[in-house]
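Step one of this worksheet: look at the structure below.
Read-outs: derived from the displayed coordinates by stated rules, not from any lab. These figures come from a predicted structure and were not determined experimentally. Because the Cβ atoms are built from the backbone with ideal geometry, glycine has one as well, and the counts that use them run over all protein chains shown.
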Amino acid sequence: MRRGDWRRAPDRAGFPSSARSSHNRAVEYRLDPVFRGFCVFWAVVCAALVVTAPLAVFLLRIARHAGVTMRQDGLQVRWIRTREVAWHDVMTLRRVPTRSAVRESMGPVQCLLRDGARPLTIAAAAHERHRELLAELERRTGLRVEDPEASAPVRIPTMVGVLVLLLVVALVWLAAAR
């Protein structure tokens, strides 16, 4: 799909006309710009704290590399690493129940595979057009995304706790540097 195609007028289902895909065409879903900016911001913060510089490298890799591509023969998920799965190997699609505000905001969907391999997890809500991504995933596999149980409510205090912890680590680091 050419860059910018998704901006065309929507069809009757509400998806951009160019985003409709047949089994013969690859469809790519890039990381959402807001989430990409979130990764870049935290990469800069981590790079400033020398101890967490390796985490900054991973966050920059995710910001630049992440995406999902659906082709005729299978699914390719790029996050830190790239993983490919054939459509016929997908046995079940299910939402992952989470107790973390960050993971909940990413809307993880797990693809359980027939061969018993490690499940493939897609951070669906972290991608552009994530509703379309899930609809296309369901259409190509012929499966529905299961919601085994309502996930735990998003716990904002947990996120605030993580941010406070990062702030404390930064202050200790700055105090030790003096």
Starting from 0.36 nm per residue, how many nanometres of slack lie between residue 51 and residue 144 once their C-alpha separation is accounted for?
29.2 nm
Could you sort the peptides 51-60, 164-173 by per-residue average Cβ neighbour count (10 Å cutoff), highest mean leading?
51-60, 164-173
Using amide H atoms built 1.01 Å from N in the peptide plane, name the residues 5+ places from residue 98, or on other chains, whose amide H lies under 5 Å from its own.
152
Once amide hydrogens are built 1.01 Å from N within the peptide plane, the residues lying 5 or more places from residue 32 or on another chain with amide H under 5 Å from its amide H are 127, 128
Taking 0.36 nm per intervening residue step and subtracting the Cα-Cα distance, what contour gain separates residue 114 from residue 162 on full extension?
13.6 nm
Go through segment 130-146 residue by residue and turn each phi into a ³J(HN,Hα) via Karplus (6.51, -1.76, 1.60, θ = phi - 60°); whole Hz please, and just put x for glycine and proline.
5, 5, 5, 4, 5, 4, 5, 4, 5, 5, 6, 8, x, 10, 9, 6, 7
